[in-house]
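See below for the structure under consideration.
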Amino acid sequence: MAVGGLTGAAVLSRSSLAEAGTSGLRTISYNVLACRGYPETDANRERLVGARDRMVERFAIELAVYNADVVTFQESPSEAMVASIAKAMGRHYTYFPGGFPGAVISRFEIVESENCPLVEGPRPPDLFTRHWGRAVLRMGGERLTVYSAHLHPSNVEVRAREVGLALERMAADIAGPDPMLFQGDLNHRPDGPEMARWREAGLVDAVTRSGDASELTFPSTVPVQCIDYIWSNAALARRLSGARVLFEGAFRTNPADERSFALSDHLPVLADYRG
């Protein structure tokens with residue numbers, strides 16, 4: 001696991017970013033589609049292809065608008081590109097290799113990082129084939145544990161086994177006194193059986209808790225599904241002050257411009273917690 005520092009020149013200087021985390025915690029979960037942009041059509045292909053060489057700057061600038069303390073990526077691009085985005089934002093990062101890699105980018109120091117964390121044994125070959133990762137961040141005087149996941153999109157049985165192993169690994173952090181986040185592209189709908197399992201384990205969904213369980217995250221053109229989530233343990237959930245899906249800015253397309261594109265096929269989810 002690589003944990004990146006803050007060396008070198010950055011597109012966005014640290015002084016240009018307000019210290020949002022001094023009074024609370026802001027987190028974003030985002031399936032970034034390897035930072036390729038979406039959709040690619042006959043009408044927008046020339047513009048989209050021309051933009052791909054500058055996706056590091058585009059992602060860094062758009063995410064910096066929200067000044068999140070923690071950002072998790074699903075379907076990450078290469079580690080080198082994640083490192084460049086983190087550097088441009090003036091953030092630390094850690095990377096979770098996999099069939100569809102993951103990443104945590106944070107203004108907080110990353111003191112631990114673990115790819116495919118399980119209670120015991122190696123990763124079963126058919127499970128967590130996308131990514132499943134854990135990072136521990138030093139958030140002021142607190143220890144913040146962040147789990148990032150991208151679960152199986154189509155095989156319900158496989159996803160159910162992934163849920164079981166994930167809950168087994170997270171159990172102590174869910175019940176513990178320190179703040180914990182669990183977020184990612186979980187590839188199930190709010191009416192799926194997975195929701196009851198997360199809740200029965202003691203996790204709290206930020207969007208539902210904030211009063212709107214119907215926000216949609218996919219696709220970014222005309223959203224019709226909610227499959228991306230931010231969960232927390234009770235220790236952090238009591239500090240939740242708001243959450244929403246970011247159907248705005250460069251995260252979505254412009255219906256009036258057939259040449260427009262979004263940064264990804266998913267929309268980010270954002271949650272705020274009081275300090």
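With respect to the stated conditions, R161 is open to solvent by 30 Å² or more (accessible area, probe 1.4 Å) and not in a loop (DSSP other than H, G, I, E, B). Scanning the range 41-97 for residues that are without any contact (Cβ under 8 Å) to a residue 60 or more places away in the chain, among the polar types (S, T, N, Q), assigned to a loop (DSSP other than H, G, I, E, B) and surrounded by fewer than 24 Cβ atoms within 10 Å (Cβ to Cβ) yields a count of 2. When the helices (runs of 4 or more DSSP H) confined to the range 190-258 are screened for residues that are farther than 20 Å from V71 by Cβ, in contact (Cβ under 8 Å) with a residue 24 or more places away in the chain and open to solvent by 20 Å² or more (accessible area, probe 1.4 Å), those reaching at least 2 such residues are found at 193-200. Applying the criterion of being in a helix (DSSP H, G or I) and at pLDDT below 50 to the residues of the range 15-40, the residue that is nearest to F261 (Cα to Cα) is S16. When restricted to residues that are open to solvent by 10 Å² or more (accessible area, probe 1.4 Å) and either assigned to a helix (DSSP H, G or I) or of a type in the set (S, T, N, Q) (or both), the range 133-158 contains 5. Cβ-Cβ distances below 9 Å connect the following pairs, each with a first residue in the range 114-126 that is under 22 Å from S154 (Cα atoms), a second residue that is among the hydrophobic types (A, V, I, L, M, F, W, C) and in a loop (DSSP other than H, G, I, E, B), and a separation of six or more residues or different chains: C116/L127; C116/F128; R123/C116; P124/L118. Within the range 98-126, work out how many residues are under 24 Å from A172 (Cα atoms), crowded, with 16+ Cβ neighbours inside 10 Å and in contact with a strand residue (DSSP E or B) (Cβ under 8 Å, 6 or more places away or on another chain). Qualifying residue count for the region: 12.
The values are calculated or read from the model by the stated rules, or taken from the named source; none is laboratory data. Computed from a predicted model, the values in this text were never measured in an experiment. With ideal geometry, Cβ positions are generated from the backbone for all residues, glycine too; neighbour counts draw on all protein chains shown. For the accessible areas, the whole protein counts, side chains as well, though only heavy atoms, and no ligand, DNA or RNA atoms are used. Shrake-Rupley method; radii C 1.70, N 1.55, O 1.52, S 1.80 Å.
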